[in-house]
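J.: Here it is, the structure in full.
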Amino acid sequence: MSRFPSELPFFSLLQYAPRGRSETSRQSCEIVHAVKTNANWRTQGQTVNIIAHAAKRAKEVLASSDVLAPGLGADVLLIPMPRSSLQKPGALWPPLVICEALKAEGLGADIEPCLRRTVPVGKAATAATGGRPDPADHDNSVVVERDSFFVPKRITIVDDVITRGSSFVGVLPKVAAAFPDVPVSCFALVRTISDGDIDAILDPVQGTITSEDGKRLRRRP
């Protein structure tokens, strides 16, 4: 029996189209760059930190619909996804910044950066076809190092961008083993739309990642 889930729900707030040609698609790529660099963004005549602004939008979505409710809330322990490279002291860690912004908006109870990368893996966004790390690569390159033994009501693993979902599928078994009997969700601030253009950047969804023995991953939407 595979240690990886055959079907894994996920939640996301924004979407971007790296191959799109419309103005909205172009802006979505600029926003992802701002997320990756924790930069500011000019919107509606004001300059805002893009991650903090996105967290505020997530709070608005949560207040008006239940699309993000399974993964965000005042009782959720937020766990940032480790970077593909080895984390250096003081270096930017976008998923951790996202967790901090979500917590500041009351969308998380606490943050536990307990996932640590022990071996670097390739970046999914820049890898050639067939060269993206699969769930086994993520599973073999991370460990869970807990600072406390507090047992949360529920957990959400947080990442900046989801492509196929390999990282979520790969790290989930170790998180579940470290927090037995605690429900674990997966939230990505942005999801990639591989082909075509998008009509809007804000597009909160609940989706599913399916896999066969940690291979042949498919993400919907």
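The values are calculated or read from the model by the stated rules, or taken from the named source; none is laboratory data. Fair warning: this is a prediction, and the values are worked out from it, not measured in the lab. Every residue, glycine as well, gets a Cβ built from its backbone with ideal geometry; the counts of neighbours run over all protein chains shown. The area values use the complete protein model at the heavy-atom level, side chains included, leaving out ligands, DNA and RNA. Shrake-Rupley method; radii C 1.70, N 1.55, O 1.52, S 1.80 Å.
J.: Answer yes or no as to whether residue 171 is open to solvent by less than 50 Å² (accessible area, probe 1.4 Å), modelled with pLDDT of 95 or more and among the aliphatic types (A, V, I, L, M). Explain how you work it out, then say what you get.
T.: Working: open to solvent by less than 50 Å² (accessible area, probe 1.4 Å): yes; modelled with pLDDT of 95 or more: yes; among the aliphatic types (A, V, I, L, M): yes.
When the stated conditions are applied, residue 171 passes them.
J.: Please enumerate the residues belonging to segment 91-126 that are modelled with pLDDT under 90 and either over 16 Å from the mean Cα position of the chain (by Cα) or open to solvent by less than 70 Å² (accessible area, probe 1.4 Å) (or both).
T.: 122, 124, 126 - these are the residues of segment 91-126 that are modelled with pLDDT under 90 and either over 16 Å from the mean Cα position of the chain (by Cα) or open to solvent by less than 70 Å² (accessible area, probe 1.4 Å) (or both).
J.: Quick one: in segment 202-221, of everything that is open to solvent by less than 30 Å² (accessible area, probe 1.4 Å) and in contact with a Leu (Cβ under 8 Å, 6 or more places away or on another chain), which residue is modelled with the highest pLDDT?
T.: 209
J.: Please pick out the residue among 176, 188 that is open to solvent by 20 Å² or more (accessible area, probe 1.4 Å) and either among the hydrophobic types (A, V, I, L, M, F, W, C) or at pLDDT below 95 (or both).
T.: The match here is 176.
J.: Same structure again: If a residue must be under 20 Å from the mean Cα position of the chain (by Cα), open to solvent by 50 Å² or more (accessible area, probe 1.4 Å) and free of Cβ contacts under 8 Å to residues at least 24 places away in the same chain, how many such residues does segment 1-40 contain?
T.: Matching residues across segment 1-40 total 3.
J.: Just to verify a result, which residue in segment 75-90, among those that are at pLDDT 95 or above and aliphatic (A, V, I, L, M), is nearest to residue 161 (Cα to Cα)?
T.: 81
J.: Here's another thing I want to ask about it. Does segment 69-90 hold any residues that are open to solvent by less than 30 Å² (accessible area, probe 1.4 Å), hydrophobic (A, V, I, L, M, F, W, C) and touching a helix residue (DSSP H, G or I) at 6+ places or on another chain (Cβ under 9 Å), and which are they?
T.: Those that are open to solvent by less than 30 Å² (accessible area, probe 1.4 Å), hydrophobic (A, V, I, L, M, F, W, C) and touching a helix residue (DSSP H, G or I) at 6+ places or on another chain (Cβ under 9 Å): 72, 76, 78, 79, 81.
J.: Please work out which one of (1) in contact with a Cys (Cβ under 7 Å, 6 or more places away or on another chain); (2) closer than 23 Å to residue 4 by Cα; (3) not hydrophobic (A, V, I, L, M, F, W, C) is the condition residue 134 fails and give its number.
T.: Result: residue 134 fails condition (1) only.
J.: Name the residues in segment 11-56 that are in a helix (DSSP H, G or I) and in contact with a Phe, Trp or Tyr (Cβ under 7 Å, 6 or more places away or on another chain), would you?
T.: 28, 29, 31, 32, 34, 50, 53
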